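Chemist: This is the structure I have questions about; it appears just below.
Bear in mind these aren't lab numbers, they're just calculated from the coordinates by the rules spelled out. All values reported here derive from a predicted model rather than from experimental measurement. For neighbour counting, all protein chains shown are included, and Cβ atoms are generated from backbone atoms with ideal geometry for every residue, glycine included.
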Amino acid sequence: MQVLSQVDSTNEEIRRNLTLPEGAVVIADRQTQGRGRQGRSWHSETGTGLYLSTLLKPDLTPEKLALITLMAGVATVSAIQQQASVPVKLKWPNDILLNGKKLAGILCEYIPGTAVIVGIGINLNQTCFPEDIQDIATSLKLATGNTVNRAKIVLSLLESLDREYEEFLQEKRTHLVKKWTDRTDMFGKTVTVHQKGNSLTGIAVGLDPEGKLILQTPNGKQQLLGSGELLTARADSKSPFSK
Ligand code: BTN
């Protein structure tokens, strides 16, 4: 595990070093160009958040990419809940919300044929956020009043990632989809999903066995969203969680 005081982006640091072994982990105290999904930036001030990336090299077909993202979400929720008993919820494809605000985010970057970089950002000890995200972001400190020990949450996160990735490799898909479903409250609600410049609104019905979102559109049809689009899709246009 590499702990850096500063880096542009922990995902980028791994991308520059793809010969690292599977399971390599990079953590930074601060990111100068922290990345969120869809080309957004991720607020990464010094010492208050967890900025972590890990390199996975599964035998991956694009369909399974959706499951990797779900796997990372389940692992992150489990690590957060080991440190603080807070009602965190997953929102497809990879947001982690607390009281309706963004607590953590996951950015999976797929390098075809080679690797998946799983980047996880968790807001730990921030007591305020920049104006443009202050209404939509939260931290564990803001929600509980307690300071979180970063080392402890890193340890929990690595353990839960290990456990969930092992299950993913054993193809326990139904188990993973069920765990994700148990940790969300978005099903039955109306969401807007952006894909390739289009937006699609409908009721989120559930996940299919491959981790795709089943969306019931107003014309009564069910659409499956997921796989490759996971790197660009985002649920609910009204909540641009990362700035
Ligand atoms: C999102 O919700 O938009 C995803 C945010 C992912 C942020 C993390 S922080 C560690 C890793 N390095 C990055 O540059 N981004 C991810």
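Chemist: Å³ per residue of the Cα convex hull, for the range 12-51?
Modeler: Numbers: hull volume 3.2 nm³, N = 40.
Enclosed volume per residue, from the Cα hull, is 81 Å³.
Chemist: Sticking with this one: To the nearest 500 deg cm²/dmol, what mean residue ellipticity at 222 nm is calculated for the chain from DSSP H runs of n ≥ 4 alone, each contributing -39,500 (n - 2.57), summed and divided by the residues? List each step's numbers first, then the result.
Modeler: Details: 5 runs with 63 residues, N = 243.
Theoretical 222 nm ellipticity from helices: -8000 deg cm²/dmol.
Chemist: Still on this structure, I have one more. Using amide H atoms built 1.01 Å from N in the peptide plane, name the residues 5+ places from Leu207, or on other chains, whose amide H lies under 5 Å from its own.
Modeler: Here the answer is Ile214, since their amide H atoms fall under 5 Å of that of Leu207.
Chemist: For the range 139-232, state which GluC sites (Glu not before Pro) are in a DSSP loop and have at most 15 other beta carbons lying within 10 Å of their beta carbon. It would help to have the intermediate numbers written out before the result.
Modeler: Working: sites: Glu159, Glu164, Glu166, Glu167, Glu171, Glu210, Glu229; in loops: Glu171, Glu210.
Taking the range 139-232 and a limit of 15 other Cβ atoms within 10 Å, the loop GluC sites (Glu not before Pro) found are Glu171.
Chemist: Moving to a separate point now. Quick one: Debye curve from the alpha-carbon atoms of the chain only, equal weights, vacuum; give me log10 I(q)/I(0) at q = 0.07, 0.11, 0.14, 0.16 Å⁻¹ to two decimals.
Modeler: Here log10 of I(q) over I(0) equals -0.20, -0.52, -0.87, -1.17.
Chemist: Right, here's the next one. How big is the charge dipole of the chain about its Cα centre, in debye rounded to the nearest 20, if each Lys and Arg gets +1 on its Cβ and each Asp and Glu gets -1 on its Cβ? Display every interim value, and only then the final one.
Modeler: On the way: 28 positive and 25 negative charges, 100 e Å.
Dipole size: approximately 480 debye.
Chemist: Taking a virtual spin label 7 Å from the Cα of Asp185 along the C-beta vector, which residues in the range 101-116 bring their backbone nitrogen under 15 Å of it?
Modeler: Once the point is set 7 Å along Cα→Cβ of Asp185, 101-103 turn out to lie under 15 Å by backbone N, inside the range 101-116.
Chemist: Now for a separate question. Along the charge dipole of the chain, which of Leu124, Asn198, Met71 sits closest to the positive end, that is, farthest toward it, with unit charges on the beta carbon of Lys, Arg, Asp and Glu (+1, +1, -1, -1)?
Modeler: Asn198
Chemist: With the crude spin-label approximation of a point 7 Å out along Cα→Cβ, what separation in nm comes out for Thr174 versus Glu131?
Modeler: Placing both labels 7 Å beyond Cα along the Cβ direction yields 5.4 nm.
Chemist: Still on this structure, I have one more. Treating the beta-carbon of each Lys and Arg as +1 and of each Asp and Glu as -1, no other charges, what is the dipole magnitude of the range 1-89 about its Cα centre, to the nearest 20 debye?
Modeler: 220
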